[in-house]
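Worksheet for the structure shown next.
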Amino acid sequence: MEWELEPKFPIQAAMLQKNLRRYLATLEFSGSRLGWGFKGRVLDYGCGYPVFVRMLRDAGFAADGYEPYAEQNHHEVAAGLDIAANYFTALPANAQFDAVTMVDVIEHLSILRPTMTDVLSRIRPGGYLVVSTPNGLRLSQWLAFVRRKTAHPVAIEKFLQTDNNYVYHQREFTRAELEKTMRHYGLKVVASICVDTVPPREDLNKYHELLGQPKSPSHWRTQARDFLQRRLPPDWQNNLLLLARKPEATP
């Protein structure tokens, strides 16, 4: 299966290419763990541009997208993907789903409780939560901390310039921390893995170019870091994937 965006969405198309390996890994993880014939309703929570919703639907999942902060361009992309009817900025208070996905969401939350409480209320008893998020133990982040360059997932220069909590990462997790977070909210961890989803450098540079940002350096240090990243043990790979289950309702 292939996913593309119309030429009138150049930034979103570049974003898709930058994130494609992560989306495909999350889709494969969801399908293999929930089952490709999963018949329940799925909600992609905090989906932003609903590309992953389209991918879920193309793979046979009955998926809807929820983005409370959607703007006009988000709705235009949803329409371009032919899923405007499955894209929501609000949900009924009692709406529940058989599975909820959170792709690149949890790391943007400065406070977890309000969002996680709402997410849990959207999962029916016995239902599932799939989380995809960057690994805080990935090589580039670990090196930045060890070198005392930053203790935050985002460079301080970027962090100081925003007034939007959802633009940059607020807190990243190791695999053990993410599992502990799920248990804290009463979920049972079914499976978790770390995978390599580093995008090709040409896709990353195309995205930065469209946003008017500097390209990623291609000098030997960066090449060496990327080479090492892909050969590190599993717990050091750059993307975390986790499946957790909500307990069945008590009698």
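The values are calculated or read from the model by the stated rules, or taken from the named source; none is laboratory data. Since the structure is predicted, the reported quantities are computational estimates derived from the model, not experimental observations. For neighbour counting, all protein chains shown are included, and Cβ atoms are generated from backbone atoms with ideal geometry for every residue, glycine included. Ligands, DNA and RNA are excluded from the accessible area calculation, which covers all protein heavy atoms including side chains. Shrake-Rupley method; radii C 1.70, N 1.55, O 1.52, S 1.80 Å.
Put simply, the Cα atoms of the stretch 9-50 extend 34, 18, 13 Å along their principal axes, the longest span coming first.
Helical content alone sets the calculated 222 nm signal of the chain at -11500 deg cm²/dmol, taking -39,500 (n - 2.57) per DSSP H segment of four or more residues and averaging over every residue.
Based on C-alpha pairs under 8 angstrom that are at least 6 apart in sequence, the stretch 103-251 has a relative contact order of 40 percent.
With a ≥ b ≥ c taken as the square roots of the eigenvalues of the C-alpha gyration tensor of the stretch 1-136, please select rounded if a/c is under 1.5 and otherwise prolate if a/b is larger than b/c or oblate if it is not? Note, shape of the stretch 1-136 comes out rounded. Over the stretch 130-251, accessible surface divided per residue gives 62 Å², non-protein components excluded, 1.4 Å probe. Converting the Cα gyration tensor eigenvalues of the stretch 93-251 into ellipsoid dimensions via √(5λ) gives semi-axes, longest first, of 32, 18, 14 Å.
Past the 30 Å Cα-Cα mark, which pairs from 8/246; 18/158; 149/180? Pairs exceeding the cut-off: 8/246.
Summary: within the chain, the longest segment free of GluC sites (Glu not before Pro) located in DSSP loops with at most 12 other C-beta atoms within 10 Å is 72-247.
With protein chains left intact and a 1.4 Å probe, residues in the stretch 1-77 average 47 Å² of accessible area per residue.
Surface composition of the stretch 151-251: carbon plus sulfur atoms contribute 55% of the solvent-accessible area (1.4 Å probe, protein chains only, all chains present).
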